[in-house]
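Below: one structure, written as structure tokens.
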Amino acid sequence: MNFNLSEEQIMIQDSVARFVQETYAFDQRNETVALQHGFSADNWQQFAELGWLSIPFAEEYGGFGGGPVDTMVITQEFGRGLVAEPFLPTVLLFGGLLQAGASEELKSELIPQIVAGELQGAFAFAERQSRYMITDVKTRARQDGVNWVLNGEKTVVLNGGAAQKLIVLARSSGEQSDENGLSLFLVDAFAEGVNTTAYRMTDGREAANVSLDNVTADAVVGGLGEGFALMNPVLDQAMLAVAADALGAMESLNTQTLEYLKTRKQFGTHIGSFQALQHRMVDMFAACENTKSLLYRAVCALDAGDEDAQRSLLALKVMVGRAGRKIGGEGIQMHGGMGMTEELSVGSYVKRLMIANTLFGDADYQQQRFSALVNAEEQEPAAVAAA
């Protein structure tokens, strides 16, 4: 498979890499995460000035008109630098849903604000009982005249504490776990009845629980009952971005571990000369390369609309979870006790990989989905032949 970046994509990659190198050293990153909401408003504004926030949006809304490859290039560098700014929740999830289903009036109003760095958003979809089953929704939407009123609670809303606008997944009809009857609603995060409880996740980034008590929605995003079909492609793009971010973290962790083996001495020699550690380092490298290959395959398949795009994406998410666990564990082990301290970035990369595994379904959950998909595809020709 020929996978060459275009000149524009190389420029974007170099731009993000330079930002990480010059302004996102580990100590600076820790200072940034310690700020309110876990990110720097100045950095976010710089993202806007450099054009990164415009990448996935159509040109008529002030965007760059980029695709999955452009997003991958950015998020992979973000993972290398442990960048904490909310590109995933605001641009890819909130902005992606707006672009996919909002009215032209809303798109023209809100997307340029995202591109300019003036609007923070979030997608509230998970609930306490749902775990990874996104269709398990108790939050209800009832019609009140021309308005829709929401009641329920959403959990682990990425960037929920900083968001000015929310897109909320709620059930407008049907039973609790039905795919049909799910709708998306735009909600002002400061509206009456919205109560937000923000907290830090394992890796230091912020999420929030959001309760909705008779909250009047500003608008319906997409058609009523079309929420499931509308959000699936957006979540696929987000899953790719998470995988690219994880790959960047794996690459950095591999590089740091290899450098440590070359400098740390024990028994009068560098520990990198020990064959057992060399073998373990090779295993880490192989896990990273396997993830990279699956990422490239999934990005190309999704970009081209291939029939096996979903299969490639699920396989990638499984590999992200397993390779992340392998590389993270070995990185800590080979750094010894220092790998557990806050003075080194090793532990922060491991936490980043733990969150990457959990977002949108962990490796075990995606393995089950992959197996079910493969079984369904294998049974379909047999059913046709029998008919």
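The values are calculated or read from the model by the stated rules, or taken from the named source; none is laboratory data. Just so it is clear, the model here is predicted, and its values are computed rather than measured. Cβ atoms come from the backbone with ideal geometry, glycine included; neighbour counts cover every protein chain shown. Each accessible area value is taken on the protein alone, full model and side chains, heavy atoms only, with ligands, DNA and RNA left out. Shrake-Rupley method; radii C 1.70, N 1.55, O 1.52, S 1.80 Å.
Say each of ALA229 and GLN368 gets a label point 7 Å from the Cα, pointing the same way as Cα to Cβ; how far apart are those two points in nm?
2.7 nm
In square angstrom, rounded to the nearest 10, how much accessible surface does LEU344 have for a 1.4 Å probe?
In the full protein context, LEU344 sits at about 50 Å².
I want the antiparallel fraction of DSSP beta bridges within the chain, as a percent rounded to 5.
Details: 31 of 36 bridges.
Percent antiparallel among DSSP bridges in the chain is about 85.
Got a sec? Charge dipole of the chain, +1 on Cβ for Lys and Arg, -1 for Asp and Glu; which of ASN214, PHE125, VAL318 is way out at the positive end?
Of ASN214, PHE125, VAL318, it is VAL318.
Need one value: the accessible area of MET201 in square angstrom, 1.4 angstrom probe, rounded to the nearest 10.
About 30 Å², ignoring ligands and nucleic acids.
For the full complex of protein chains and a 1.4 angstrom probe, list SER273, SER172 by accessible area with the highest value first. Walk me through the numbers before you get to the answer.
Details: SER273 65, SER172 30 Å².
Result, largest first: SER273, SER172.
Give me the angle, in degrees from 0 to 90, between the Cα long axis of helix 309-335 and the longest principal axis of the Cα atoms of the chain, rounded to the nearest 10.
Helix 309-335 sits at roughly 40 degrees to that axis.
Any idea which of GLY101, GLN275, GLY361 is furthest toward the positive side of the dipole for the chain, if Lys and Arg beta-carbons carry +1 and Asp and Glu beta-carbons -1?
GLN275
Got the relative contact order for the range 89-158 handy, in percent, Cα pairs under 8 Å and 6 or more residues apart?
Taking the mean separation of contacting Cα pairs over the length of the range 89-158, I get 29 percent.
Length gain on complete extension for the stretch ASN30 to ARG142, per 0.36 nm per residue less the alpha carbon to alpha carbon distance?
So the extension gain works out to 36.0 nm.
By how many nm would the segment from ASP218 to GLU59 lengthen if fully extended, with 0.36 nm per residue of separation less the alpha-carbon distance? Working shown, then result.
Working: separation 159, 0.36 × 159 = 57.24 nm, distance 2.53 nm.
Here the answer is 54.7 nm.
What ranking of ARG352, ARG200, ARG80 comes out by heavy-atom accessible area, probe 1.4 Å, highest first? Walk me through the numbers before you get to the answer.
Details: ARG352 5, ARG200 100, ARG80 70 Å².
The ranking, largest first, comes out as ARG200, ARG80, ARG352.
Quick check: the distance between the Cα centres of the range 325-364 and the range 2-36, to the nearest angstrom?
Measuring centre to centre over Cα atoms gives 20 Å.
Among the listed pairs LYS262/LYS351; LYS138/LYS326; LYS262/LYS326, which are separated by more than 26 Å between their Cα atoms? If you can, show how the numbers build up before the last one.
Working: LYS262/LYS351 24 Å; LYS138/LYS326 36 Å; LYS262/LYS326 21 Å.
Listed pairs above 26 Å: LYS138/LYS326.
Going by the alpha-carbon gyration tensor, a ≥ b ≥ c the square roots of its eigenvalues, is the range 138-207 rounded (a/c under 1.5) or, if a/c is not under 1.5, prolate (a/b greater than b/c) versus oblate?
Numbers: a/c = 2.79, a/b = 1.58, b/c = 1.76.
Oblate is the answer for the range 138-207, as a/c is 1.5 or above yet b/c matches or exceeds a/b.
How much length is gained on full extension from GLU289 to MET133, taking 0.36 nm per residue of separation minus their Cα-Cα distance? Don't jump to the answer; show the numbers that get you there.
Numbers: separation 156, 0.36 × 156 = 56.16 nm, distance 2.99 nm.
Gain on extension, GLU289 to MET133, equals 53.2 nm.
Please work out the C-alpha center-to-center distance from the range 214-291 to the range 89-168 and express it in whole Å.
The range 214-291 and the range 89-168 have Cα centres spaced 26 Å from each other.
Keeping every protein chain in place, order TRP44, TRP148 by accessible area at 1.4 Å, biggest value first, i.e. largest first.
Values: TRP44 5, TRP148 35 Å².
Output order, biggest surface exposure first: TRP148, TRP44.
Given R₀ = 56 Å, what would the calculated FRET efficiency be for GLU175 paired with ASN4, taking r from the Cβ atoms and rounding to 0.05? Spell out each step's value before the answer.
Working: r = 49 Å, r/R0 = 0.87.
The pair GLU175/ASN4 has a calculated efficiency of 0.70.
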